[in-house]
Each structure stands twice: as structure tokens, then as C-alpha cells.
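Q: The structure is given below, and queries will be raised subsequently.
The values are calculated or read from the model by the stated rules, or taken from the named source; none is laboratory data. The structure presented is a predicted model; accordingly, all values stated were derived computationally and were not measured. When we count neighbours, we look across all protein chains shown, and the Cβ atoms used for this are built from the backbone with ideal geometry, even at glycine.
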């Protein structure tokens, strides 16, 4: 994906950093990090990946986390355009995959609009990797034929919510929810109001794939209580559906001895 070259001729790579375990980084991402002149990274990037960039690399932190000061998206867009005028290879490193709840599409469109060459480098998303590191397959022949990846970050009680949770309760065999802990109690209530059995198996995986990973399994009706009682926090992935019953703990990889996110 590219437009006319920016005045400086720089190219921005929107790179997926993966879910946290540095060994899940793709070979292409590793190569680009080792060659980049400038790095723009977010708050779900493992520390070990910062050691891959050259010493001369210009670094910019633009993390966004709930409850903390965040760099506005327009400011991040402007930084990328400005860096492309001064450097030849810029890596925009984003946790997980750039195009899955990562605003990569917005950044790509902005760069093309301003004449900056841009290329997307997919990454392993936490919605698949975190459950796998807990032994949970997000699809299974005995657990239905569909799975929905959905964000729980929006305010579920706003006038016109973008996610129809009651509808999802009726049309999807399984749910993988990103950024869902803040609204978890209401999400569970909406799913049950939509007809999902309160006994539906569910799980939460916190800090998936890295140091500090932990998980719990509970029925839908008790999930929010269990999460609060055990003090689970972000980043976490929520899995709801019969696939949780297909969990095979013995196949789960050991979490990496790596830390995330980068502290503010």
C-alpha cells in the first residue's frame, strides 16, 4: 500500500509486535526492527523488542492505556508523517496485529493521504495467542462453527452502542473479547439477556504469553464476580463459549520471561 513518495522519500511500516512473547515476532518484523531509522511504539510492546533496533534509531512512545494520559491519534499520525520526511525506514510498532483493533487502518489511510509510502506487516493477535497459551482453542469442531472477535472497550450503556451483545448471544458460537474487563459485568448481563445460557463456560487470560500470565475459568453468570475477587486487570482477553470446555492445559506453551507493557 503506497501513495506518492513523501518529500523525504521515507516509508512507514505498520508492524505487528505480536501478543507479548518476543519469539512470536515474525521474521519480517525482526528484520525491519533491526534496520529502522525511527521507531514509533505503543504501550503493548514487550521491552525485549526495543533492544532489536539500532543505536542510532530515533524512538517515540505513543502509548494509549485506559486511565492514563494518552497520545491523541492525530498527534501520532502527524509524528509518522514528519518522521517520513527525515528518515528512510520508519517502523510503527503496534501490539498484536496492526489491523485488528489497532487503528492501523486509520494510520495507513492518513499516511497515503499525505503522500507517504506505507506497508502493513501482520502480527500474531492476542485474541488467538493468549487463549492458546492457556490451552484454549478459539475454534473447535465440537464447539460450533463460528467465533467473533469483538472489542469491549466502548461504553455499553451509551445511547447507541456499537456492539449488539444480545444479538451476538444469538448468532455466534464463541466470543473473543478484547479490552473487555472494564465493562465485563454489563457485557455478561447483556449476553444472558440475549439468551446465552448462564452456565456457558468462559475464561479470562491476563498478560497472555508473557511473565505474569494467569487465567481463570468460570461460568458466564459467575465470571465477573470471579474476575473481581481474584483481582484480574488489563491487558486481558475474555473467551466465552463452548470452546473453553475443550481446554487442554498440557498443550499450552510456557509464558515467556518477558515483560509488558512499557511503563509510562
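Q: Go through the range 199-220 and count every residue that is farther than 15 Å from residue 245 by Cβ and in contact with a helix residue (DSSP H, G or I) (Cβ under 7 Å, 6 or more places away or on another chain).
A: 4
Q: Tally up the residues in the range 197-236 that are touching a residue at least 40 places away in the same chain (Cβ under 8 Å), within 30 Å of residue 48 (Cα to Cα) and outside any strand (DSSP E or B), please.
A: Result for the range 197-236: 11.
Q: In the range 79-88, how many are touching a strand residue (DSSP E or B) at 6+ places or on another chain (Cβ under 8 Å) and surrounded by 17 or more Cβ atoms within 10 Å (Cβ to Cβ)?
A: The total comes to 5.
Q: If I filter the range 35-43 for residues that are crowded, with 16+ Cβ neighbours inside 10 Å, modelled with pLDDT under 95 and in contact with a strand residue (DSSP E or B) (Cβ under 7 Å, 6 or more places away or on another chain), do I get at least one hit?
A: The answer is yes, given that some residue of the range 35-43 is crowded, with 16+ Cβ neighbours inside 10 Å, modelled with pLDDT under 95 and in contact with a strand residue (DSSP E or B) (Cβ under 7 Å, 6 or more places away or on another chain).
Q: Test residue 44 against the stated conditions and say whether it is touching a residue at least 24 places away in the same chain (Cβ under 8 Å) and in a helix (DSSP H, G or I).
A: Judged against the criteria, residue 44 is not a match.
Q: From 54, 72, which residue is exposed (fewer than 14 other Cβ atoms within 10 Å of the Cβ), in the same structural domain as residue 102 (by TED's automatic domain parsing) and at pLDDT below 95?
A: Of the residues listed, the single one that is exposed (fewer than 14 other Cβ atoms within 10 Å of the Cβ), in the same structural domain as residue 102 (by TED's automatic domain parsing) and at pLDDT below 95 is 72.
Q: Taking the range 121-142 only, how many residues are in contact with a strand residue (DSSP E or B) (Cβ under 6 Å, 6 or more places away or on another chain) and surrounded by fewer than 19 Cβ atoms within 10 Å (Cβ to Cβ)?
A: Going through the range 121-142 one residue at a time, the tally reaches 1.
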